[in-house]
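*Asks:* Have a look at this one before I ask anything.
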Amino acid sequence: MPKKKNIKPEIKPANEKKSSKSLIWKIAPIILLVAVAAYLFLPNLTTKNSEDSEYVFKKDGTLTFTDSLNNVKAKIDIQIAATDFDRELGLMYRKHMEENHGMLFIFPQENVQNFWMRNTFIPLDMIFVNSKNEIVTIQHATQTLSDQTYSSTGPAQYVIEVNLNFTDKFNIKVGDKINWSRNKPSE
């Protein structure tokens, strides 16, 4: 008869179980914090095109540029950024914009406005407009992917972002006016 081997069962120290549970409780809040931060700070809009992972234009209304005699200089379709989130996101992450498109930023109060081009790939002209719908400042040829600040020279309640050289092409100048309207909600 073969001799029985004396095999001792492996016994884990009691503190090892506590150690792994303690580690889980230390890591779980970090994982939760990372998940919440990703949800809050990574853009996630319904206007994102899943085919090419790019945000796309959503027509919210139209905007017309006129001279001091009310002669029309240009008319564009606009996407409106009226919430804090939409204003912060702006045209970031987009690769192109049609010539007849633009973004209208609406602020709750008229103030000197400051913009930058962080995460913005499209070269733009920025048009700053006061509460009387008069253009007060035009920033031409803004630098893409930059934290450089572009400011209005006076109080502005609206900012329109259009493609680079749009203002030159349509002779848009300080003192010209804008008129805009929202699309009616679909029923």
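*Asks:* Exactly one of (1) of a type outside the set (A, V, I, L, M, F, W, C); (2) at pLDDT below 95; (3) under 18 Å from D86 (Cβ atoms) is unmet by Q143. Its number?
*Replies:* (3)
*Asks:* Tally up the residues in region 112-130 that are assigned to a loop (DSSP other than H, G, I, E, B) and either over 20 Å from K73 (Cα atoms) or without any contact (Cβ under 8 Å) to a residue 24 or more places away in the chain (or both), please.
*Replies:* Number of matching residues: 10.
*Asks:* Exactly one condition in (1) surrounded by fewer than 14 Cβ atoms within 10 Å (Cβ to Cβ); (2) modelled with pLDDT of 65 or more; (3) assigned to a loop (DSSP other than H, G, I, E, B) is false for Q109; which is it?
*Replies:* Only one criterion is unmet by Q109, namely (3).
*Asks:* Can you name every residue in region 142-180 that is of a type in the set (A, V, I, L, M) and either touching a residue at least 60 places away in the same chain (Cβ under 8 Å) or at negative phi (or both)?
*Replies:* Listed by number, the residues that qualify are A156, V159, I160, V162, L164, I172, V174, I178.
*Asks:* Exactly one condition in (1) closer than 20 Å to V174 by Cα; (2) of a type in the set (V, I, T); (3) surrounded by fewer than 19 Cβ atoms within 10 Å (Cβ to Cβ) is false for I127; which is it?
*Replies:* So I127 meets the others, but not (3).
*Asks:* Is it true that some residue in region 81-93 is in a loop (DSSP other than H, G, I, E, B) and either closer than 14 Å to T167 by Cα or basic (K, R) (or both)?
*Replies:* The answer is no, given that none of the residues of region 81-93 is in a loop (DSSP other than H, G, I, E, B) and either closer than 14 Å to T167 by Cα or basic (K, R) (or both).
*Asks:* Restricting to region 132-187, give me the number of residues that are more than 23 Å from N119 (Cβ to Cβ), among the charged types (D, E, K, R) and outside any strand (DSSP E or B).
*Replies:* Of the residues in region 132-187, 7 are more than 23 Å from N119 (Cβ to Cβ), among the charged types (D, E, K, R) and outside any strand (DSSP E or B).
The values are calculated or read from the model by the stated rules, or taken from the named source; none is laboratory data. All figures in this text were calculated on a predicted structure; none of them were measured in a lab. FYI the Cβ positions are ideal-geometry reconstructions off the backbone, even for glycines, and counts take in every protein chain you see.
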